[in-house]
1. Do we find a residue being open to solvent by 90 Å² or more (accessible area, probe 1.4 Å) and modelled with pLDDT of 95 or more anywhere in the range 23-33?
2. What is the residue count in the range 1-17 for residues that are free of Cβ contacts under 8 Å to residues at least 60 places away in the same chain and over 17 Å from Ile85 (Cα atoms)?
3. Which residue pairs have Cβ atoms closer than 9 Å, lie 6 or more positions apart in sequence or on different chains, and pair a first residue in the range 72-92 that is surrounded by 14 or more Cβ atoms within 10 Å (Cβ to Cβ) and modelled with pLDDT of 95 or more with a second residue that is among the aromatic types (Phe, Trp, Tyr) and in a loop (DSSP other than H, G, I, E, B)?
4. (1) in contact (Cβ under 8 Å) with a residue 24 or more places away in the chain; (2) surrounded by fewer than 15 Cβ atoms within 10 Å (Cβ to Cβ): which one isn't true of Val55, the others all being true?
Amino acid sequence: SKYGKQVWDKSSYQINNDGSIRILSKFIPETKNEITSEILYTMDIKCSEKSFRDVAVGTKKFNEFENENSSWKDPNGDRLILGVIDQVSAFI
């Protein structure tokens, strides 16, 4: 998108006990400065519902800040998140 890119690591792919998929993802902003930087996400995805939750985030390493009560979210038209969900779902 005009804000940047969202990429995911195919080798990080794992299936959770509830059938959702856990991946490692990175947002790379179009413009980097003191305020904007790359953000690392550990994401769970439910392909059948096209929903996701951010399990943890970080700027220097994965799982820097865990999200203990992360709830499932609709991507609400976010093209970057929808793109990751579609790619992960197609990968399986």
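The values are calculated or read from the model by the stated rules, or taken from the named source; none is laboratory data. Keep in mind that what you see is a predicted model, and the values were worked out from it rather than measured. Glycine gets a Cβ as well: all are built from the backbone with ideal geometry, and neighbour counts include every protein chain shown. When the accessible area is computed, the model is the full protein with side chains, heavy atoms only, and any ligands, DNA or RNA have been set aside. Shrake-Rupley method; radii C 1.70, N 1.55, O 1.52, S 1.80 Å.
1. No; the residues of the range 23-33 include none that is open to solvent by 90 Å² or more (accessible area, probe 1.4 Å) and modelled with pLDDT of 95 or more.
2. The total comes to 2.
3. Taking only residues 6 or more apart or on different chains, the pairs are Val88/Tyr13.
4. So the condition that Val55 fails would be (2).
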